[in-house]
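All remarks here apply to the structure that follows.
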Amino acid sequence: MTPILFVYARGGPPLEYALPRIAAHAEVHVLALAPLPRVTESVWRPGCASVTTAPPGEGVELVDLICSHARRVGAEAVLTLSEYAVVAVAHASLRLGLRGAGERVAGARDKRLMRRIWRDAGVPVPGFTEINGPQDITTAFEDLRPPLLLKAAWSAGSTAHLTVWNEQQAEEAWKTGRSVMEASSAQGYAELHAADEGVSDFLLEEIVTGKASDWFAGAGWGDYVSVEGIVADGRYHPLCLTGRLPTVAPFTERASLAPAALPVAAQRRIEEVSRAAVDALGLDTCATHTEIKLGADGAVWLIETAARFGGVMTTRQAETVFGVDMIGMLVRELLGRDVGYPERMLTEGEGAAGSLVVLAVGPDGEPWAELPAWDFAAVDWSALVAPGSRVELVHEHSLPPGTPVPAYEEAGGANSMAALCFLRAASGPELLADCGRILAALPNALARASAPAASRTTPSPTSADRSTPGSAA
């Protein structure tokens, strides 16, 4: 088979799902810039022709490392699924003369540059000011309408996002944000090509008001969606759309759901907005993940586009519901093979699937009163979901059993995640209801599982939360 270099770093879909799909189309050589997930090694390791671990370095040094390894294995393409490695891989591919995101990849990574490009192209974005020092905070409050959202320009997973109402709060948030980004960098959750910039670059932007009820057929949906796609030699192919549960303050994601309960006409409008956003970035060949805020009376704003697929289990959701193996499609495109793209974005699928992030926050946004130990196997998941629905643990993105669930910290965003679950249901409404029941019952279910055996009580089958400890579904 044709050799391909897969650059592994933090983030992205789990290897247990992703690597077999790469290996179905190429001989996979792994260059690991972060510790590999040993808990699922028996699943992903058989698909590897070789595995090499190396400290990532940064900038030119990192690009040199990728190029050297690609030449050593004779790679005909270089691929990453991590937000933090897309820039370095794009530069390496350019140097090697291989297909990749291209020389304008930074526009799909640096949120400041991204917004400048979109503003100049007439793509709707919230008002914003780049923050390089305290003087820029003053300018932001002169030009923008508070409350404002402080964002780290190179972050992912809502890390270092804080809401501020005045200059003093913004200055304190900027300090907090830098500390959070430094801590994230130490754990490998930071930009690898420009580490210093990843810690220090921020922006303040206006908080636009979403209105999910103007878009969705039922209640319970969040006010933004994402479009997954592939750019092939500069041509954008939107593939499918996923919806969300409402975020946890300030804007931390807690669930991605497919399909989204949107009329086809609304999906087509979102498709065209995503096309305008991706086209403006001028990417060459890469995956794309485009997030769009949905407002009242049909208003939309672009949140961001990344030159990779959505994280968590978004790619598996697309395969489960819409029947598209997006990772396999991208591999084939990078290798110059034929890929059968749909004429337009897929709007209808079969069944429903979702990624549910376990955070110590209830459905109403209130922190859990206690922080029990995480133990997937101790929860009777069948009691929390509809008949026929299934819940699976994503081991790579979950804490070991017995680890206390971390307290949720707004600035930390997804860094506060205890676990990730993959859900399947017969329909979108059932999936939405399943998520609601899990979020309401999970803290009590885990607390009962953590309690000493003598103090546990077994509720009747008609108990309000039906969350007795038991076997996993």
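Values for this structure:
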{"item": "Which listed pairs, of K111/K151; K151/K175; K111/K293; K175/K293, have C-alpha distances above 20 Å, in listed order", "result": "K175/K293"}
{"item": "In nm, spacing of pseudo-spin labels at A186 and A32 (7 Å Cα→C-beta vector)", "result": "2.3 nm"}
{"item": "Residues in region 232-273 that a label on T2 would reach, taking backbone N under 14 Å of a point 7 Å out along Cα→Cβ", "result": "233"}
{"item": "Linear extension gain, D338 paired with D136, 0.36 nm per residue minus alpha-carbon span", "result": "67.9 nm"}
{"item": "Cα-centred dipole magnitude for region 309-430, charges only on beta-carbon of K, R (+1) and D, E (-1), debye, nearest 20", "result": "360 debye"}
{"item": "Rounded FRET efficiency, nearest 0.05, which uses the C-beta distance separating T209 from E366 and R0 of 22 Å", "result": "0.50"}
{"item": "Unit charges at the beta carbon, dipole of the chain: most positive-side option, L36, S256, L148", "result": "L36"}
{"item": "Extension gain (nm, one decimal) between R71 and V51, 0.36 nm per residue minus Cα-Cα", "result": "5.7 nm"}
{"item": "For the chain, calculated [θ]222 nm from helices alone, where every DSSP H run of n ≥ 4 adds -39500 (n - 2.57)", "result": "-9500 deg cm²/dmol"}
{"item": "Net charge contributed by nearby residues that have their C-beta within less than 10 Å of V231 (K/R +1, D/E -1)", "result": "-3"}
{"item": "Segments 29-39, 233-243, 11-21 sorted - mean Cβ within 10 Å per residue, highest first", "result": "11-21, 233-243, 29-39"}
{"item": "Distance in nm between pseudo-label sites at E272 and R390 (7 Å out along the Cβ direction from Cα)", "result": "4.0 nm"}
{"item": "Cut-off 11 Å between beta-carbons: net charge of the residues surrounding D284, Lys and Arg +1, Asp and Glu -1", "result": "0"}
{"item": "Region 323-381: trypsin sites (Lys or Arg not before Pro) in DSSP loop, at most 13 other beta carbons within 10 Å", "result": "R337, R344"}
{"item": "Distance from region 1-62 to region 292-351 (C-alpha centre basis), Å", "result": "22 Å"}
{"item": "Unit charges on C-beta of K, R, D, E only; dipole of the chain, Debye", "result": "920 debye"}
{"item": "Net charge of Cβ neighbours under 13 Å - reference G295; Lys, Arg +1; Asp, Glu -1", "result": "-1"}
{"item": "Three-way shape label, region 129-239, alpha-carbon gyration tensor, a/c 1.5", "result": "oblate"}
{"item": "Contact order relative to length of the chain, as percent, for alpha carbon pairs under 8 angstrom and 6 or more apart", "result": "15 percent"}
{"item": "Kyte-Doolittle mean at least -1.0, axial Cα span of 24 Å or more - DSSP H helices of the chain", "result": "264-281, 428-450"}
{"item": "Residue-wise HN-Hα coupling along region 38-45, computed from phi with Karplus coefficients 6.51, -1.76, 1.60 (Hz; x: Gly, Pro)", "result": "6, 5, 10, 4, 5, 8, 8, 5"}
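None of the figures in this text is laboratory data; all of them are computed from the coordinates on show. Being a predicted model, the structure only gives us computed values, none of them experimental. Cβ atoms come from the backbone with ideal geometry, glycine included; neighbour counts cover every protein chain shown.
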